[in-house]
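The values are calculated or read from the model by the stated rules, or taken from the named source; none is laboratory data. Quantities reported herein were computed from a predicted structural model and do not represent experimental measurements. Using ideal geometry, Cβ is built from the backbone for each residue, glycine included, and neighbour counts are taken over all protein chains shown.
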Amino acid sequence: MKIKTQDYNNVAVVSLQGELDKDGVESFQNTVTQIISRQKTGIVLDMTEAGYIDSAGLEKLLWARDYCNENNCQLRLAGLDENCDKILEITRLSNEFDRYGELAEAVKSFA
């Protein structure tokens, strides 16, 4: 998995490319931890190019949500494809995250 970050004022956009699975969760966690240390108030996970989430990835998404909440930061998911959206629904986690269809919409939600 490739991870790219970009800042928009106090919001960090984290673009995930590939699968959020056991092989990528450590770098994902490190990225979120670094963003929080910079005292960002929001993180948007751009899931446009993330085609799959396994159980380790789901666990790390829940960790990221909780870690953000503990550090006065909010987490949003944007651009989930049909597969990832269905994974969240099947695991009954769809209501655990603020989800947006478009990245721009998610970033604007912090304004």
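Within segment 8-47, if we keep just the residues that are of a type in the set (Asp, Glu), in contact with a strand residue (DSSP E or B) (Cβ under 9 Å, 6 or more places away or on another chain) and at pLDDT below 95, the residue that is surrounded by the fewest Cβ atoms within 10 Å (Cβ to Cβ) turns out to be Glu19.
Restricting attention to segment 6-35 and to residues that are among the β-branched types (Val, Ile, Thr) and in contact with a Gly (Cβ under 7 Å, 6 or more places away or on another chain), the residue that is farthest from Trp63 (Cα to Cα) turns out to be Val11.
Can we say Ala78 is under 13 Å from the mean Cα position of the chain (by Cα), surrounded by 15 or more Cβ atoms within 10 Å (Cβ to Cβ) and closer than 15 Å to Met1 by Cβ? Judged against the criteria, Ala78 is not a match.
Condition check ((1) of a type outside the set (Val, Ile, Thr); (2) closer than 14 Å to Thr33 by Cα; (3) touching a residue at least 24 places away in the same chain (Cβ under 8 Å)) across all residues:
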{"site": "Ala64", "(1), (2), (3)": "yes, yes, yes"}
{"site": "Tyr67", "(1), (2), (3)": "yes, yes, yes"}
{"site": "Glu70", "(1), (2), (3)": "yes, yes, no"}
{"site": "Arg76", "(1), (2), (3)": "yes, no, yes"}
{"site": "Ser94", "(1), (2), (3)": "yes, no, no"}
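Counting the residues of segment 52-72 that are surrounded by 15 or more Cβ atoms within 10 Å (Cβ to Cβ) and not in a helix (DSSP H, G or I) gives 3.
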